[in-house]
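Here is the structure we will look at, set down as structure tokens.
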2 protein chains.
Amino acid sequence: MEPVFNRVAMIGLGLIASSMFWGIRRAGLANEVTGYARSDETRDTARRIGLCDRVCDTMQEAVTNADLVVLAVPVGVMEQVMQDIAPYLAEGAIVTDVGSVKRHVISAVQPHLPSHAHFVPAHPLAGTEHSGPESGFAELFDHRWCLLVPLEDTPAKQVARVRALWEGLGSYVDEMDADHHDLVLAVTSHAPHLIAYTMVGVADDLRRVTDSEVIKYSAAGFRDFTRIAASDPTMWRDVFLTNKDATLEILGRFTEELFALQRAIRTGDGDMLHAYFTRTRAIRRGIIEAGQDTDAPNFGRERS
Amino acid sequence: MEPVFNRVAMIGLGLIASSMFWGIRRAGLANEVTGYARSDETRDTARRIGLCDRVCDTMQEAVTNADLVVLAVPVGVMEQVMQDIAPYLAEGAIVTDVGSVKRHVISAVQPHLPSHAHFVPAHPLAGTEHSGPESGFAELFDHRWCLLVPLEDTPAKQVARVRALWEGLGSYVDEMDADHHDLVLAVTSHAPHLIAYTMVGVADDLRRVTDSEVIKYSAAGFRDFTRIAASDPTMWRDVFLTNKDATLEILGRFTEELFALQRAIRTGDGDMLHAYFTRTRAIRRGIIEAGQDTDAPNFGRERS
């Protein structure tokens, strides 16, 4: 593939950035990738495993002469990072991000962008419960969606280059506005994560059921929740604090619905429960038909 | 392996019964397995795919001369099935079940048991979101737990034979009392399932987010919930109606905890959220160390 960018700078070297690097290398999407992480330990790890063509000790060094800068840091520190790199951005540089919320990131980043640079917000819908520079792999974005949230005044040409990068990484790309993005993600990701964290917390608190019982007898259901609830705490703290309104709205609807189902259990309304559980099966079929999950027995997992 | 039973009768031919049959055959645990299902269609399917050595058109025929009868039907019909088979049980026959709740099943089955037979309640903690006679596979129970809930007056010898069957099917076996079983399962399985059904229902109701968006952009989190929420509606209706008290207790605690987290989001208490999310990671590590799930990237799933 023809390189889409000459030099890509990764700010932050966690799961997403490291997967992007391996994917960029797999497809030849850039001539050089520089990388920066705040902690010495992460930079040392990156150098040891060959993550990035060049690991830099300062953000300034990493972004100098980069035609794409990727903000791959928790949403809560995007503003500070943007302020720090702004003076060193090259003429015509594109800044993009991988944050899970978009309205907040745009309001945090956009005001600090120099007029000679462009900002193309992005959000790859891919991840695992693992974090850190050693957790990345080139296939993470294959057949997953990446949502772009272009600003009104950004030239189509710059948006197209970011799209080409994500398509080169194996993703499908869609565009939508920031508020709609944040609502859709509150439904499909943010509220489910909070619910999973909550359920795992409840289990841990319950003194009459020991942790070892919870662990041994974690059937399908709870086991899946624990996987979700093992995701990076800093990332998720920031997601909830910066997509507060949409998340709280969905959680409000969730609680309302949960109360209706609890009431059906209490009053013994089996017909209501059966109809509800039948309806939710259809959505599952849709996801499998859309190729976003496998239909293999035992959830497609290898048996241990 | 030496057969543990001479003739095993499967009443109900869904995911669990069909997996038991293939597992019994794999390990040579019985000389003959008979099978019965209420619907003509299920019996026809079973005959076509070779499920059971002999598929019978009546329960009576299936249980005659069986030394083990497995009640593999939804919890809500256990009592009726037990009433129907009682007159035909052989001298010394063991009846067992695979129901997800135990207090209710014991009170439904035990009163109808003839004095010359024994009841050994059991619950294999294994399953997939698929149901029906074609969904079974011999490996379903490998390295999973099966919980036995022996009654006080059951001779140890009969309990040991049921244990030997489950160990032969590849499971680990533990024993506990019925109330404790029902509470542990409310935490590790029943409440999580209701929560997943609820969240999928909320997504389906939300008019501003289309179903196709929910399906396309179902990242980790919601996608896992849809898998859980695709489980058999009849089975789950019966579970909630028959483990009402423990499920409602856990859901009450869950709601309380969810409100505390919602409040932390609303008031911007990032420290509380971060501490909570850090604590839940430890349980996940425990599950992986206990061999009850894999630690593979992308949740160990094959990439589509």
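The values are calculated or read from the model by the stated rules, or taken from the named source; none is laboratory data. Please read all numbers here as calculations on a predicted model, not as lab measurements. Cβ atoms come from the backbone with ideal geometry, glycine included; neighbour counts cover every protein chain shown.
Quick test of your reading of the structure: A:ALA230 fulfils all but one of (1) more than 7 Å from chain B (Cβ to nearest Cβ); (2) in contact (Cβ under 8 Å) with a residue 40 or more places away in the chain; (3) not in a helix (DSSP H, G or I). Name the failing condition by number.
Of everything listed in (1) more than 7 Å from chain B (Cβ to nearest Cβ); (2) in contact (Cβ under 8 Å) with a residue 40 or more places away in the chain; (3) not in a helix (DSSP H, G or I), A:ALA230 misses just condition (1).
Can you name every residue in the stretch B:200-217 that is at the interface with another protein chain (Cβ under 7 Å from one of its Cβ atoms) and more than 20 Å from B:SER231 (Cα to Cα)?
B:LEU206, B:ARG208, B:VAL209, B:GLU213, B:LYS216, B:TYR217
Within the stretch B:165-180, can one find any residue that is over 23 Å from B:ILE24 (Cβ atoms), within 7 Å of chain A (Cβ to nearest Cβ) and of a type outside the set (D, E, K, R)?
Looking for residues that are over 23 Å from B:ILE24 (Cβ atoms), within 7 Å of chain A (Cβ to nearest Cβ) and of a type outside the set (D, E, K, R), one finds none in the stretch B:165-180, hence no.
Within the stretch B:273-283, is there a residue that is more than 24 Å from the chain's Cα centre (by Cα) and more than 7 Å from chain A (Cβ to nearest Cβ)?
So far as the stretch B:273-283 goes, yes, one or more of its residues are more than 24 Å from the chain's Cα centre (by Cα) and more than 7 Å from chain A (Cβ to nearest Cβ).
Go over the candidates A:ALA203, A:ALA164, A:ALA196 one by one and state the one that is touching a Phe, Trp or Tyr at 6+ places or on another chain (Cβ under 6 Å) and part of a helix (DSSP H, G or I).
A:ALA196
Restricting attention to the stretch B:256-272, which residues are among the β-branched types (Val, Ile, Thr) and facing chain A (nearest Cβ under 7 Å)?
Matches in the stretch B:256-272: B:ILE265 only.
Just checking, does the stretch A:123-136 include any residue being more than 14 Å from chain B (Cβ to nearest Cβ) and surrounded by fewer than 18 Cβ atoms within 10 Å (Cβ to Cβ)?
No - not one qualifying residue is present in the stretch A:123-136.
I'd like the full set of residues that are part of a helix (DSSP H, G or I) and closer than 16 Å to B:THR247 by Cβ, limited to the stretch A:215-227.
A:PHE222, A:PHE225
Tally the residues that are surrounded by 20 or more Cβ atoms within 10 Å (Cβ to Cβ) and basic (Lys, Arg), restricting the search to the stretch B:151-166.
Residues flagged as surrounded by 20 or more Cβ atoms within 10 Å (Cβ to Cβ) and basic (Lys, Arg) within the stretch B:151-166 amount to 1.
If you check A:ASP232 against the conditions, is it of a type in the set (D, E, K, R) and modelled with pLDDT of 95 or more?
Judged against the criteria, A:ASP232 is not a match.
Report, by residue number, each residue of the stretch B:90-113 that is in a loop (DSSP other than H, G, I, E, B) and either under 15 Å from the mean Cα position of the chain (by Cα) or of a type in the set (Lys, Arg) (or both).
Passing the criteria: B:VAL98, B:GLY99, B:SER100, B:VAL101, B:LYS102.
Output the number of the condition that B:ILE228 fails; it satisfies all remaining conditions of (1) within 15 Å of the chain's Cα centre (by Cα); (2) of a type in the set (A, V, I, L, M, F, W, C); (3) closer than 18 Å to A:GLU256 by Cβ.
Just one mismatch for B:ILE228, condition (3).
Report, by residue number, each residue of the stretch A:167-180 that is within 25 Å of A:GLY136 (Cα to Cα), in contact with a Leu (Cβ under 8 Å, 6 or more places away or on another chain) and either buried (at least 24 other Cβ atoms within 10 Å of the Cβ) or not acidic (Asp, Glu) (or both).
Scanning the stretch A:167-180 gives A:GLY168, A:LEU169, A:VAL173.
Determine whether the stretch B:169-188 contains at least one residue that is out of contact with any strand residue (DSSP E or B) (no Cβ under 6 Å at 6 or more places or on another chain), farther than 30 Å from A:TYR197 by Cα and not aromatic (Phe, Trp, Tyr).
yes
Within the stretch B:108-120, identify whether any single residue is out of contact with any Gly (no Cβ under 6 Å at 6 or more places or on another chain), under 16 Å from B:ALA246 (Cβ atoms), more than 14 Å from every other protein chain (Cβ to nearest Cβ) and of a type outside the set (Lys, Arg), and answer yes or no.
no
Under 7 Å by Cβ, and 6 or more places apart or on different chains, what pairs join a residue from the stretch B:80-102 that is assigned by TED's automatic domain parsing to the domain that holds B:SER115 and closer than 23 Å to B:ASP238 by Cβ with one that is modelled with pLDDT of 95 or more and hydroxyl-bearing (Ser, Thr, Tyr)?
Between residues of the stretch B:80-102 that are assigned by TED's automatic domain parsing to the domain that holds B:SER115 and closer than 23 Å to B:ASP238 by Cβ and residues that are modelled with pLDDT of 95 or more and hydroxyl-bearing (Ser, Thr, Tyr), the close pairs are B:VAL101/B:THR242.
So B:ARG207 fits all but one of (1) basic (Lys, Arg); (2) closer than 21 Å to A:SER189 by Cα; (3) buried (at least 23 other Cβ atoms within 10 Å of the Cβ); what number is the exception?
The failed condition is (3).
Tell me whether the stretch A:170-193 contains one or more residues that are under 15 Å from the mean Cα position of the chain (by Cα) and part of a loop (DSSP other than H, G, I, E, B).
The answer is yes; a qualifying residue exists.
Whether any residue in the stretch B:235-246 is among the charged types (D, E, K, R) and touching a strand residue (DSSP E or B) at 6+ places or on another chain (Cβ under 9 Å) is what I want to check.
No, the conditions are met nowhere in the stretch B:235-246.
Out of the residues in the stretch B:233-268 that are part of a helix (DSSP H, G or I) and polar (S, T, N, Q), which is surrounded by the fewest Cβ atoms within 10 Å (Cβ to Cβ)?
Taking the candidates together, the pick is B:THR267.
Based on what the data block shows, is B:ALA37 under 20 Å from the mean Cα position of the chain (by Cα) and closer than 21 Å to B:VAL81 by Cα?
yes
Could you check how many residues of the stretch B:146-195 are of a type outside the set (Val, Ile, Thr) and free of Cβ contacts under 8 Å to residues at least 60 places away in the same chain?
Selection size over the stretch B:146-195: 24.
Those residues that are hydrophobic (A, V, I, L, M, F, W, C) and surrounded by fewer than 23 Cβ atoms within 10 Å (Cβ to Cβ), I need them from the stretch B:184-201; list them, please.
Result: no residue meets the conditions.
Report whether or not A:ARG227 is of a type in the set (Lys, Arg) and under 20 Å from B:ALA229 (Cβ atoms).
Yes, satisfied.
B:VAL55 - would you say it is among the β-branched types (Val, Ile, Thr), in contact with a Gly (Cβ under 7 Å, 6 or more places away or on another chain) and at pLDDT 95 or above?
Taking the combined requirement at face value, the residue satisfies it.
List every residue pair whose Cβ atoms lie under 7 Å apart, where the two residues are 6 or more positions apart in sequence or sit on different chains, the first residue falls within the stretch B:41-55 and is on the phi > 0 side of the Ramachandran plot, and the second residue, located anywhere, is aromatic (Phe, Trp, Tyr).
The qualifying pairs are B:CYS52/B:PHE21.
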